[in-house]
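Remarks on the structure that follows.
The values are calculated or read from the model by the stated rules, or taken from the named source; none is laboratory data. For clarity, every value in this text was computed on a predicted model and none was experimentally measured. Cβ coordinates were reconstructed from backbone atoms using ideal geometry, including for glycine residues, and neighbour counts include every protein chain displayed.
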Amino acid sequence: MPSVHAVHARFGFMETPDVTEAIRGARQRGLRINDADCTYFVGWHLVRAKPRSGLSGLKAEVFAYLQRRSTQAAEFFRMPTKRVVMLATEIDI
């Protein structure tokens, strides 16, 4: 029967977060889980700048651009991309 588990992992400042490694560690501590049965849910915000004139408009445009080009959470945390579900939200700034 499927179930839901919460695994808490801590990574230091100089460490690269790796969700697969955290699951492997939880398995070594007794969690009965198969990697192929895991699904990961990740939130993602699509930031859009509202049309504005002047410096504030330019700042919003640059911020929205950089936000869209930044590393996505699934990639940053080294999640297996075929098992990631993205929950998207649009945000106008």
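Points worth noting:
- Within the range 21-39, restricting attention to residues that are touching a helix residue (DSSP H, G or I) at 6+ places or on another chain (Cβ under 7 Å) and not aliphatic (A, V, I, L, M), the residue that is modelled with the highest pLDDT is THR39.
- One residue stands out among those in the range 76-86 that are modelled with pLDDT under 90 and exposed (fewer than 12 other Cβ atoms within 10 Å of the Cβ): the one that is farthest from the chain's Cα centre (by Cα), which is LYS82.
- Residues of the range 24-54 that turn out to be more than 20 Å from GLN67 (Cα to Cα), of a type outside the set (Phe, Trp, Tyr) and touching a strand residue (DSSP E or B) at 6+ places or on another chain (Cβ under 8 Å), as a count: 1
- Selection from the range 29-68 of residues that are among the charged types (D, E, K, R) and farther than 14 Å from ILE93 by Cα: ARG29, ARG32, ASP35, ASP37
- Output for the range 41-75, where each listed residue is small (Gly, Ala, Ser), touching a residue at least 12 places away in the same chain (Cβ under 8 Å) and either under 26 Å from VAL19 (Cα atoms) or surrounded by fewer than 10 Cβ atoms within 10 Å (Cβ to Cβ) (or both): GLY43, ALA73, ALA74
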